[in-house]
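Below: one structure, written as structure tokens.
The values are calculated or read from the model by the stated rules, or taken from the named source; none is laboratory data. Keep in mind the model is a prediction, meaning the values are calculated, not measured. Reconstructed Cβ throughout: ideal geometry from the backbone, glycine too, with neighbour counts over all protein chains shown.
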Amino acid sequence: MCTRGILRSTVPPATNKPVVLRASGGNSMLGELSNECVAVAMEDALRLNVCAVAAQVYIGSEYEHQSINNIIKLVDAGNRYGIPTLAVTGVGKEMARDARYFSLASRIAAEMGAQFVKTYFVEEGFEKVTASCPVPIVIAGGKKLPEHEALEMCFRAIDQGASGVDMGRNIFQSSAPLAMLKAVKKVVHEKMSAREAYQFWQEEKQGETQ
């Protein structure tokens, strides 16, 4: 996932990998995180040849209604062109981070028309989050974890109903990023256990660092 500025300036046009375009924004870490607007026209998303657009939804925040409306606008615009919308359950500075909150946020996003939802894995009750959401859920990678912990989180999320993962730091800050990417793929698509995936990562790491 990236913004259109990064996509245009950094990603080669010949790239044939699917890209999800971050389509909400308009704020910074210095202000209220939930005060976002739709920041990309769907026609520009089409010109960039993205496979989906994404916006954050902040349930329980000061700007809850605005963030839900952003999702609705993107869903309506995307449906005209066959572009799906990913709703990302944003968490503000003072907002809850438990299964009850993520279940509510994910369900609302799905009912507003989002075709899939990105949310956070929680240690207790994550299966309730996936069970309450009628569209596929992918989990956020979150903060950098040791490789075995990140793979364990992936395995538990998939085992409890998630359809995939969207990792950043836990891939590109790994000591062997390509090996980590392959290991995560093994967990998600081949149902490899976390222990097996970590062993696979260690073996791949040796070849990557030689």
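The listed residues are P146, P84, and the only one of them that is closer than 30 Å to E43 by Cα, of a type outside the set (F, W, Y) and modelled with pLDDT of 95 or more turns out to be P84.
With a requirement of 1 or more residues that are crowded, with 18+ Cβ neighbours inside 10 Å, on the phi > 0 side of the Ramachandran plot and within 20 Å of the chain's Cα centre (by Cα), none of the strands (runs of 3 or more DSSP E) lying completely within segment 7-91 satisfies it. The residues in segment 122-137 that are in contact with a strand residue (DSSP E or B) (Cβ under 8 Å, 6 or more places away or on another chain) and surrounded by 20 or more Cβ atoms within 10 Å (Cβ to Cβ) can be counted, and the count is 4. When we screen L104, L151 for residues that are in contact with a helix residue (DSSP H, G or I) (Cβ under 6 Å, 6 or more places away or on another chain) and either in the same structural domain as A54 (by TED's automatic domain parsing) or in a helix (DSSP H, G or I) (or both), the only hit is L151.
Would you mention how many residues in segment 154-184 are assigned to a helix (DSSP H, G or I) and either surrounded by fewer than 15 Cβ atoms within 10 Å (Cβ to Cβ) or among the hydrophobic types (A, V, I, L, M, F, W, C) (or both)? Let's see the steps before the verdict.
Restricting attention to segment 154-184, the residues satisfying the condition of being assigned to a helix (DSSP H, G or I) are 154-159, 169-172, 177-184.
Then keep just the ones that are either surrounded by fewer than 15 Cβ atoms within 10 Å (Cβ to Cβ) or among the hydrophobic types (A, V, I, L, M, F, W, C) (or both); that gives 154-155, 157-159, 169, 171-172, 177-181, 183-184.
Total meeting the criteria: 15.
Being among the acidic types (D, E) and in contact with a strand residue (DSSP E or B) (Cβ under 6 Å, 6 or more places away or on another chain) is the filter here, so list the residues in segment 140-170 that pass it. Within segment 140-170, D166 is the sole residue that qualifies.
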